[in-house]
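Structure, as structure tokens:
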Amino acid sequence: MGEAIGQSLPLAIGIALSPIPIIGVVLMLGTTRARQNGPAFVLGWIIGLSAVGAVVLLISGGAEASEDGSPATWVSVLKLGFGVVLLAIAAKQWRRRPRPGEEASLPGWMTSVDHFRASRAASLGVALSAVNPKNLILVLAAAGAIAQTGVAAGEQMVALAVFVLVATLGPGVPVALYFAMGERSKHLLDELRAWMAHNSAAIMAVICLLIAAKLIGDGITGL
């Protein structure tokens, strides 16, 4: 089980450091519905990651992702494919980074968080965790990495739970700070939001580049 956790951990960190979900949840924490929408977003995030990961584990088990303790050939090929896609995303994000003096471009839904209810916040959490292309690739790759170790189904689910926990730290920590510190957290969270908003494209580019290098390396090794 340790190998399964170790294989998926870098991918979980890549998801946890995604700037847009962190910025979004911090904006929600600045609204009058912060106590409802913050936890709802995190719950939706967890549900999205868990659902996709569990489905991939079930499919991978039936498709024999492990061959005598080593990854099956199709898993290695899939990793190579994911790595190439992430390289393309990294290049795109790097070109989108704001020049000195420019405002960072952020999703339009961020301007309407004041009107979100808990159901909308939860739905957004699901979408950003399980539907967002970059995060979806990382979840698929992580579940495949867990399945390829060939450990028992119960241990795979434990490894998936650890993956989801680590991947939730990004949006989860601001919510925890809000409930622990109350109004005292506002200045800290505002600074975090401003920094991540300005550097979101560069952060995404670096994360995608590093994860792409890992996946391509793992894929080549497996072949």
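Figures for the structure shown
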| item | result |
| --- | --- |
| Residue in segment 4-12 that is at pLDDT below 90 and surrounded by fewer than 15 Cβ atoms within 10 Å (Cβ to Cβ) present | yes |
| Residue in segment 176-197 that is nearest to R99 (Cα to Cα), counting only those that are of a type outside the set (S, T, Y) and buried (at least 16 other Cβ atoms within 10 Å of the Cβ) | A197 |
| Every residue from segment 136-174 that is over 11 Å from the mean Cα position of the chain (by Cα), crowded, with 24+ Cβ neighbours inside 10 Å and aliphatic (A, V, I, L, M) | A141, A143, A145, I146, A147, A159, L160 |
| Condition check for G222: surrounded by 16 or more Cβ atoms within 10 Å (Cβ to Cβ) and modelled with pLDDT under 90 | yes |
| The one condition in (1) closer than 19 Å to W195 by Cα; (2) modelled with pLDDT under 85 that G170 fails to fulfil | (2) |
| Selected residue (only one of V164, V113, V139 is of a type outside the set (S, T, Y), modelled with pLDDT under 90, within 28 Å of A34 (Cβ to Cβ) and in contact with a Ser or Thr (Cβ under 8 Å, 6 or more places away or on another chain)) | V113 |
| Residue list for segment 120-167, restricted to those being out of contact with any Gly (no Cβ under 9 Å at 6 or more places or on another chain) and over 29 Å from W74 (Cβ atoms) | R120 |
| Every pair of residues 6+ apart whose Cβ atoms lie under 6 Å, when the first sits in segment 196-213 and is touching a residue at least 60 places away in the same chain (Cβ under 8 Å) and under 14 Å from I15 (Cα atoms) while the second is assigned to a helix (DSSP H, G or I) and of a type in the set (V, I, T) | C208/I89 |
| Condition met for G125 (within 20 Å of I203 (Cβ to Cβ), surrounded by 19 or more Cβ atoms within 10 Å (Cβ to Cβ) and not polar (S, T, N, Q)) | yes |
| Any hit, segment 164-176, residues being touching a Leu at 6+ places or on another chain (Cβ under 8 Å), within 29 Å of Q93 (Cα to Cα) and without any contact (Cβ under 8 Å) to a residue 60 or more places away in the chain | no |
| Residue within segment 97-115 that is in contact with a Phe, Trp or Tyr (Cβ under 6 Å, 6 or more places away or on another chain) and assigned to a helix (DSSP H, G or I) present | no |
| Count of residues meeting criterion [assigned to a helix (DSSP H, G or I) and touching a strand residue (DSSP E or B) at 6+ places or on another chain (Cβ under 8 Å)] in segment 146-171 | 2 |
| Residue that is of a type in the set (G, A, S), touching a Ser or Thr at 6+ places or on another chain (Cβ under 7 Å) and in contact (Cβ under 8 Å) with a residue 60 or more places away in the chain, where the choices are A145, A127, A118 | A145 |
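The values are calculated or read from the model by the stated rules, or taken from the named source; none is laboratory data. All figures in this text were calculated on a predicted structure; none of them were measured in a lab. Backbone-built Cβ (ideal geometry, glycine too); neighbour counts: all protein chains shown.
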